[in-house]
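This report refers to the structure that appears directly beneath it.
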Amino acid sequence: MTEDSKVQINEVVLRDGLQNEPEFVATADKIALADLLSATGIRRLETTSFVSPKAIPNLRDASEVFAGITRSEDIHYTALVPNKRGADRALASHVDEVNLVMSIGEKHNLANMQMTCDQSLAQFRDILDMIAGSGIYPNGTIATAFGCPFEGPQTPARVLWAIETYRAMGIKGITVADTIGVANPRQVGQLVALILQDHPDLHLTLHFHNTRDLGLANALAAYDAGARSFDSALGGIGGCPYAPGATGNICTEDLVHMFHQCGIQTGVDLDRLIDVSHKLTSVLGHQTPGFVAKAGPSNKHHGRLSQCVNSISSIGRYEQPYPASIA
Ligand code: COA
Ligand code: ZN
């Protein structure tokens, strides 16, 4: 295993995850989750969004969250920024990275950002001027890259156009996002190969939603085509509130588990991540879609059959537990 084969995980639960929760998560809980995540080996943490509190009420405490977290030198604390007002707030919070988001499906950009693509790009240019010399790393997300909920499929040519446009204005990292979870692994492999052929030096991140249960397959296809950076959300929660039918991101602990099982390093401590996922479940007060936090990693075995019997009976798969004589 070489450094070239290692992947970077960008944890987005505090942004993409919480933006779609039915209930507001207390600021103190967000800060506690951020601090726990900072100790899992993750190197990039999308901490919040500096967006309109009317558009995303759940993240109205973005500045307080940034002020409250304990920052690790090793981690890039990033935030989604849609416009100059958001950039002002992000600068005041000393973010390490801004994530500038535009949907290439024009209609979704209008629904989500109240802007045409041209208007978003004009905001990006101003934001890049505002952060010039600050040391803040500019990342740009191409949302609805595989399909728009209102316009349908998007073409690779439009994705490449967006990458070229972003790079020409000085955006360094680019995230290609399947906002509504319509991509399939073949298509992902082909698109990633095409992008890296034209832009071999690009810091490319893939962002998948598991809306149709193809999220991990898409991530592996992207990896096989050369991608080494992935967004994912603890527990697999999340989604864009302005995309009808949107569901959760790929689940971080499931993604890390898959990569580790495939012999691919992430630098993330899976056991710690699972502990934080359990904490997330208790903070949210409901189950999350992820698998590994419930089942445990596939290389962990149960100590005794009796424990297994207890867990089978507790999930109600059998009406009667096995008799004590065989437990
Ligand atoms: N942070 C905080 N407040 C903001 C803001 C920002 N980044 N941008 C605008 N506002 C406030 C304005 O101050 C104004 O407040 P007021 O009504 O009290 O005067 C209000 O929001 C409207 O401002 P305007 O510039 O007209 O924005 P808009 O209504 O056209 O909305 C966005 C544009 C981009 C701010 C809004 O659509 C948005 O925040 N979208 C983000 C959606 C999102 O995060 N989706 C999920 C992630 S993909
Ligand atoms: Zn998303």
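Bear in mind these aren't lab numbers, they're just calculated from the coordinates by the rules spelled out. These figures come from a predicted structure and were not determined experimentally. Counting neighbours? That spans all protein chains shown, and the Cβs are built from the backbone with ideal geometry, glycine included.
When you go through 93, 120, 63, 103 one by one, which is the residue that is surrounded by 17 or more Cβ atoms within 10 Å (Cβ to Cβ) and farther than 30 Å from residue 187 by Cα? It would help to see each step written out before you state the result.
On the way: 120 fails: farther than 30 Å from residue 187 by Cα; 63 fails: surrounded by 17 or more Cβ atoms within 10 Å (Cβ to Cβ); 103 fails: farther than 30 Å from residue 187 by Cα.
Going through 93, 120, 63, 103 in turn, the sole match is 93.
Can you pull out the residues in region 270-303 that are more than 20 Å from the chain's Cα centre (by Cα), part of a loop (DSSP other than H, G, I, E, B) and without any contact (Cβ under 8 Å) to a residue 40 or more places away in the chain?
Correct list: 296, 299, 300, 301, 302, 303.
Table: residues versus (1) within 21 Å of the chain's Cα centre (by Cα); (2) surrounded by 23 or more Cβ atoms within 10 Å (Cβ to Cβ).
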{"site": "128", "(1), (2)": "no, no"}
{"site": "134", "(1), (2)": "no, no"}
{"site": "150", "(1), (2)": "no, no"}
{"site": "160", "(1), (2)": "no, no"}
{"site": "177", "(1), (2)": "yes, yes"}
{"site": "183", "(1), (2)": "yes, yes"}
{"site": "189", "(1), (2)": "yes, no"}
{"site": "197", "(1), (2)": "no, no"}
{"site": "202", "(1), (2)": "yes, no"}
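Can you list residue pairs whose Cβ atoms sit under 7 Å apart, with the first residue in region 78-90 being assigned to a helix (DSSP H, G or I) and the second being within 6 Å of ligand 1 (Cβ to nearest atom) and of a type in the set (A, V, I, L, M, F, W, C)? Count only pairs 6 or more apart in sequence or on different chains.
Once the first residue is assigned to a helix (DSSP H, G or I) and sits in region 78-90, its partners that are within 6 Å of ligand 1 (Cβ to nearest atom) and of a type in the set (A, V, I, L, M, F, W, C) give 86/50; 86/51; 89/50; 90/50.
Select from region 50-77 the residues that are without any contact (Cβ under 8 Å) to a residue 40 or more places away in the chain and among the polar types (S, T, N, Q) and write down the one among them that is nearest to ligand 2 (Cβ to nearest atom).
So the residue we want is 52.
Could you run through region 43-59 and say how many residues are touching a Ser or Thr at 6+ places or on another chain (Cβ under 7 Å) and surrounded by fewer than 20 Cβ atoms within 10 Å (Cβ to Cβ)?
So the count comes out to 0.
Tell me, please, whether a residue that is among the hydrophobic types (A, V, I, L, M, F, W, C), surrounded by fewer than 23 Cβ atoms within 10 Å (Cβ to Cβ) and away from ligand 2 (no atom under 16 Å from the Cβ) can be found in region 275-290.
Within region 275-290, one or more residues are among the hydrophobic types (A, V, I, L, M, F, W, C), surrounded by fewer than 23 Cβ atoms within 10 Å (Cβ to Cβ) and away from ligand 2 (no atom under 16 Å from the Cβ).
Any residue in region 140-159 that's acidic (Asp, Glu): show its pairings with residues that are within 15 Å of ligand 1 (Cβ to nearest atom) at Cβ separation under 9 Å, as long as the two are six or more apart or on different chains.
The qualifying pairs are 151/105; 151/106; 151/107; 151/108; 151/144.
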